[in-house]
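Q: One structure, pasted below without further comment.
The values are calculated or read from the model by the stated rules, or taken from the named source; none is laboratory data. Just so you know, these numbers come straight off a predicted model, no measurement behind them. Here the Cβ positions follow ideal geometry from the backbone for every residue, glycine too, while neighbour counts run over all protein chains shown. Heavy atoms of the whole protein, side chains included, go into the accessibility calculation; ligands, DNA and RNA do not. Shrake-Rupley method; radii C 1.70, N 1.55, O 1.52, S 1.80 Å.
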Amino acid sequence: MQVMAGRSDYRTYNGITWIPDALWPRDILSRDSGSFTVLSVDRFRGPRRGGQVGHHGYWELVVVLGGTGELAGLRPLPLSRGDVVLVPPGVAHDEVAPEMLDTVWVAMTGGRLRDRGDGVLAVRDEELCRLGEELWMQVAVRTQHSGGELDGLALTLLGRFLRVQADGPVAGDLVDQAVRWLHQHLDRPVQVVDLARQLRISPAHLHRQFRQRTRRSPKVFLNALRMERAVHLLRHTALPAARIAALVGFSDPLYFSRAFTRAMGQPPSRFRAASD
């Protein structure tokens with residue numbers, strides 16, 4: 001069964017299907033050849049017999065939503081749910097699946113992709129599956145002016161792919177979980193050791209992964225997060241400094257005032273007065 005996010009008024013160029021120009025109002029956005037853009041988003045669910053290995057002149061992101069198969073080419077690559085492959089222009093490849101393979105293909109072009117190398121890149125990441133399927137569904141229900149939004153979704157998909165490919169899925173997921181937990185518990189006097197215990201890893205391992213991803217230690221990141229929240233509350237609320245201290249994880253208002261002064265160069269009261 002082939003499921004395609006298409007319309008009868010699609011145009012074909014160089015063997016691919018282009019999204020109509022009507023998606024891009026000339027007075028707002030431009031489909032300049034040097035800018036990143038989506039060319040097509042298709043989906044196919046079913047067996048792949050394989051055929052002549054071929055190549056094309058655009059970048060293709062293959063998101064596997066289900067089934068099993070193989071990406072045939074110079075180096076065969078097994079495929080199953082969660083696998084995502086980025087194929088550069090000019091790289092010969094084909095998909096083979098004896099029974100069923102459910103994939104979303106995203107064809108892309110643009111200047112941001114010029115320096116990504118000439119080899120096939122592959123990762124395994126469930127979040128990329130969700131993003132790929134969401135992009136396909138948004139193309140299926142697009143409106144006349146959806147072009148910019150679709151490019152944004154595709155760029156998010158591509159950006160996460162490249163980050164996971166560089167950092168490794170374990171490190172990426174670990175730091176994502178850590179940052180999310182810190183945001184959710186910022187009003188508590190948590191320590192890095194509490195975060196490591198929550199993630200069931202050692203503080204040393206958390207420190208290494210965090211620095212690899214953010215170039216900062218978890219402690220420095222947490223303090224910066226607290227100061228950022230404090231700045232927002234001082235600027236946009238009338239809450240007393242003692243209450244703000246508690247909301248950003250400081251049980252001692254005096255210690256909060258000293259920490260804020262070190263970070264911002266002035267105490268909370270003077271910072272608020274200067275912001276008014």
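Q: If you stretched the chain out fully between Val141 and Ser217, how much longer would it get, using 0.36 nm times the residue separation minus the C-alpha to C-alpha distance?
A: Working it through step by step, the gained length comes to 23.0 nm.
Q: Still on this model: In whole Å, what is the distance between the alpha-carbon centres of region 202-276 and region 78-154?
A: Answer, in whole Å: 39.
Q: Then there's this: Calculate what fraction, in whole %, of the accessible area of region 156-240 sits on carbon and sulfur atoms when a 1.4 Å probe is rolled over the protein chains.
A: 51
Q: Something else about it: Ordered by residue, what ³J(HN,Hα) values in Hz, to whole numbers, does region 173-187 give under the Karplus form 6.51 cos²θ - 1.76 cosθ + 1.60, where θ = phi - 60° and Gly and Pro are x?
A: 5, 4, 5, 4, 4, 5, 5, 4, 5, 5, 4, 6, 10, 5, 7
Q: Now a separate question. Of Asp252, Asp125, Asp167, Asp276, which has the most accessible area and how do the rest follow, probe 1.4 Å?
A: Asp276, Asp252, Asp167, Asp125
Q: Would you be so kind as to identify which of Gly265, Phe221, Leu234 lies farthest towards the positive end of the dipole of region 203-276, taking Lys and Arg as +1 and Asp and Glu as -1 on Cβ and the Cα centre as origin?
A: Ranked along the dipole, the leading option is Phe221.
Q: Right, here's the next one. Hey, got the dipole for region 134-222? About the Cα centre, +1 on K and R Cβ, -1 on D and E Cβ, debye to the nearest 20?
A: 500
Q: Follow-up question, since we're still on this one. Take Glu99, Glu133 and sort them by solvent-accessible surface of the protein heavy atoms, 1.4 Å probe, largest at the top.
A: Glu99, Glu133
Q: Let me ask something else. FRET efficiency for Ser275 and Arg243, Cβ-Cβ distance as r, R0 = 25 Å, nearest 0.05? Can you show the working numbers first?
A: Details: r = 17 Å, r/R0 = 0.68.
The calculated FRET efficiency here is 0.90.
Q: Could you report region 161-276's accessible area per residue, 1.4 Å probe, as an integer in Å²?
A: On the way: 6750 Å² over 116 residues.
Here the per-residue accessible area is 58 Å².
Q: Would you mind checking which residues have amide H under 5 Å from His56's amide H? H placed 1.01 Å from N; only 5 or more apart, or other chain.
A: Amide H neighbours of His56, under 5 Å, 5+ apart: Gly90, Val91.
Q: Hey, another quick one. Would you rank Met264, Met227 by solvent-accessible area, highest first, keeping every protein chain in place and using a 1.4 Å probe? Please report the intermediate quantities before stating the final value.
A: Working: Met264 75, Met227 20 Å².
Accessible-area ranking of Met264, Met227, largest first: Met264, Met227.
Q: Next up: Does region 125-276 classify as rounded, prolate or oblate by the C-alpha gyration tensor (a ≥ b ≥ c root eigenvalues; a/c under 1.5 gives rounded; else a/b over b/c gives prolate, otherwise oblate)?
A: The shape class here is oblate.
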